[in-house]
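Trainee: Below: one structure in structure tokens.
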Amino acid sequence: MTYCVGMLLKDGLVMLSDSRTNAGVDNIATFRKMTIWSHPEERVLCLMSSGNLAVAQAVTNYLDEGLEPDGERLTSVPTMFRAAQLVGKAVRAVYEADGQSLEAKEPGAFNIAFLLGGQIKGGEPRLYQIYAAGNFIQATESTPFFQIGEHKYGKPILDRALSYDTDLRAAAKLALISMDSTLRSNLSVGLPLDLLIVRRDSFAAETRRSIDENDPYFREIRQRWSSSLREAIATLPNVPY
């Protein structure tokens, strides 16, 4: 399992992913869930995945090497909508190659989801959630974030505090708090984290950072958020009945 969150905001995009794929007493694996394609002053695209790692890696390889019949890649698509279509096409190509054998051996094994965010010159920043069937939905001003993976622990803070007008840095802070809530409640999500901040019309990463347990800012956020919650609870009136 994993946890990834993408945010479409007035000023740009925030993307955050963990890196755990398996968890158990003696089985912990770390793989990056975030892949970035960029070209200065022309495009920046970020793909994050949750689910079957082999399927995710196969999809990414298709997007790198090109899909038949014309060899189209994420580095050559003209719009973000076409980029989302291409990711969906890659998902279906992997299913055609491996899906039936995976499902025959283990029902539900073709379990995959993606978040695709970015901006291509001439268009607006866009954020899409892409499903195992290759279809997708698009984030809007009224629904400015998507989550995939183990999302239930980190969703409440985003529902309460995030809006389309939230500043990029404040949104990144909320993403990290959301991730911390998930890390504390589910062992199938783990460090290190990958954070990407893209400002509108920059076509480049304003922030691209790997965050581990020694990152001073993330440690401070975790500690102060816990303390603030305890203090807030202490100030609320006790149950009167």
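Where a number appears in this text, it was derived from the coordinates with a stated rule and is not lab data. Given the structure is predicted, the values throughout are model-derived calculations rather than measurements. Cβ coordinates were reconstructed from backbone atoms using ideal geometry, including for glycine residues, and neighbour counts include every protein chain displayed.
Trainee: How far is helix 216-235 tilted, in degrees, relative to the longest principal axis of the Cα atoms in the chain, given as a value from 0 to 90 rounded to the nearest 10?
Mentor: 50 degrees
Trainee: Quick one: P(r) of the range 129-169 from all Cα-Cα pairs, 5 Å bins, percents rounded to integers, in order of increasing distance.
Mentor: Percent of pairs per bin, in order: 5, 18, 24, 25, 18, 7, 2.
Trainee: Separate question: So what is the 222 nm mean residue ellipticity for the chain from helices alone, if each DSSP H run of at least 4 adds -39500 (n - 2.57) and you divide by all residues, rounding to the nearest 500 deg cm²/dmol?
Mentor: Theoretical 222 nm ellipticity from helices: -10500 deg cm²/dmol.
Trainee: Build a GNM of the chain with springs between Cα atoms under 10 Å: which of Pro125, Pro107, Pro69 gets the top mean-square fluctuation?
Mentor: Highest fluctuation of the listed residues: Pro69.
Trainee: For a test of the definition: using alpha carbon positions, the gyration tensor, and the 1.5 limit on a/c, classify the range 28-75 as rounded, prolate or oblate.
Mentor: Note, shape of the range 28-75 comes out oblate.
Trainee: Sorted by packing (mean other beta-carbon atoms within 10 Å per residue), highest first, where do 215-221, 90-96 land?
Mentor: Packing proxy ranking, top to bottom: 90-96, 215-221.
Trainee: A follow-up question, please. Does the chain classify as rounded, prolate or oblate by the C-alpha gyration tensor (a ≥ b ≥ c root eigenvalues; a/c under 1.5 gives rounded; else a/b over b/c gives prolate, otherwise oblate)?
Mentor: oblate
Trainee: Between the range 95-148 and the range 167-192, how far is it from one alpha carbon centroid to the other, in angstrom?
Mentor: Their Cα centres are 21 Å away from one another.
Trainee: Using Cα atoms only, what is the angle between the long axis of helix 168-185 and the major principal axis of the chain, expressed in degrees (0 to 90) to the nearest 10?
Mentor: 80 degrees
Trainee: Cα-Cα over 22 Å: which of Lys121/Lys155; Lys121/Lys173; Lys105/Lys155; Lys89/Lys155; Lys152/Lys173?
Mentor: With Cα atoms farther than 22 Å apart: Lys121/Lys155; Lys121/Lys173; Lys105/Lys155; Lys89/Lys155.
Trainee: Between Asn214 and Leu53, take the C-beta separation as r, use R0 = 30 Å, and let me know the FRET efficiency to the nearest 0.05.
Mentor: 0.70
Trainee: For Cα pairs less than 8 Å apart in space and 6+ apart in sequence, what is the mean separation divided by the residue count of the chain, i.e. the relative contact order in percent?
Mentor: Reported relative contact order: 28 percent.
Trainee: How much length is gained if the chain between Asn238 and Ser38 is pulled fully straight, taking 0.36 nm per residue apart and subtracting their Cα-Cα distance, in nm to one decimal?
Mentor: Extra length from Asn238 to Ser38 when fully extended: 66.7 nm.
Trainee: On a 0 to 90 degree scale, rounded to 10, what angle separates helix 53-65 from the longest Cα axis of the chain?
Mentor: 50 degrees
Trainee: Taking the simple approach of a point 7 Å from Cα along Cα-to-Cβ for both Ser101 and Lys155, what is their distance in nm?
Mentor: 3.6 nm
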